[in-house]
Amino acid sequence: MNSDDPLSQDKDGEGRAITVPIRQMPAMDQPPQPRAEGALLVSAKRSGAGSALDRYRPSGAMKAMFPRLPGPLQAIVINSAGGITGGDRLRLQAEASEGAHLVLTTQAAERAYRAASGWGRFDSRLRGAPGSTLFWLPQELILYQGAALERSLHVSLEADARLLMVEPVIFGRAAMGERLTDARFRDRISVDRDGLPLYRDGVRLEGDLQAQLARMARGAGAMASLLYVGPEAEAHLAPVRAELPPLGGASLLQRDVLAVRLLAEDGFGLRRHLLPILDRLSQDGLPTSWRL
């Protein structure tokens, strides 16, 4: 019997063949199941002349490693799913307590793979208490052809908390000749201080990203958004500008708030200009995973 045929052959009481209809079972509409879910909570506290782990709670695909290093607490965030695709849900919550120094980075570049359906989502919420220092220094996000990623980062600073934040993005694998003619990327960054807006940034690219970047960014294949909050921001302005590529800019939003945007041909070019700036603003405190 052909399972696609709504009729089937059967026999009557005298053995003669008859045709009877087969009831078709209605298709069950099932929501797509997430490929990966994960949540991570990390907080640092002051300990003597340095900082130490206060709270750590991993769940699902999210976890962290903590190198034994003097000074700041360094947390290397790991997505054990190996990337993000449609339906994934990942969350990060981190805090530097009063007087503590927390450095957050990633083990390697994050990858946003082709999504069969739906959006992948990664939401991060960070808090810097009074007198704390918070570094948010993930390695690059690489967008693949067919990716659909929605990402948000919210940072809440109190009083004199310091912040160094960077979000580097690479549009496709240029070395493999990949062109992003069908991808979706939505990114939102918000930083507040004492409950008031300090910095807002957003990117929304959908469809033929290659064509859009050619039109809006002179064909750039990589970009980075950087924010530094600290009393030395104004002193850093001129040296940072000296390190920028032709498609880059830096400006003071306030005397202690420095905002930077870089565009580069590819990931290699982006790092070439970004690393000296991060070394300067972190006082050579860039995580070792960035050097590998």
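Worth pointing out:
- A full extension of the chain between Ala238 and Ser152 corresponds to an added length of 28.0 nm, given 0.36 nm per residue minus the alpha carbon distance.
- Antiparallel DSSP beta bridges within the chain, percent to nearest 5: 50
- Full-extension gain in nm, Arg272 to Asp192, via 0.36 nm per residue minus C-alpha separation: 25.8 nm
- Think of the chain as a dipole: +1 on every Lys or Arg Cβ, -1 on every Asp or Glu Cβ, centred on the Cα centre; then among Ser43, Ala115, Asn79, Ser43 lies furthest on the positive end.
- Between Ala214 and Arg114, the simple spin-label model (points 7 angstrom out along Cα→Cβ) gives 2.2 nm.
- Compared with the dominant Cα axis of the chain, that is its longest principal axis, helix 267-281 is turned about 40°.
- Taking each DSSP H run with n ≥ 4 as -39500 (n - 2.57) and averaging over every residue of the chain yields -3500 deg cm²/dmol at 222 nm.
- Between the alpha-carbon centres of segment 263-292 and segment 189-234 there is a gap of 17 Å.
- Note on Ala52 and Arg255: their simple-model spin labels are 3.8 nm apart, each label 7 Å out from Cα toward Cβ.
- Size of electric dipole in the chain: Cβ of Lys, Arg +1 and of Asp, Glu -1, about Cα centre, debye, nearest 20: 460
- Nearest 10 degrees, 0 to 90: helix 233-243 Cα axis against the chain principal axis: 70
- Placing dummy labels 7 Å off each Cα toward the beta-carbon, the span from Arg280 to Glu178 is 3.2 nm.
- Taking N as the residue count of segment 39-291, its C-alpha radius of gyration divided by 2.2 N^0.38 Å amounts to 0.97.
- Largest-first ellipsoid semi-axes for segment 104-251, taking √(5λ) over the Cα gyration tensor eigenvalues, angstrom: 29, 19, 13
Every read-out reported here was derived from the displayed coordinates using simple, explicitly stated rules and does not represent laboratory data. Keep in mind that what you see is a predicted model, and the values were worked out from it rather than measured. All Cβ positions, glycine included, derive from the backbone under ideal geometry; neighbour counts span all protein chains shown.
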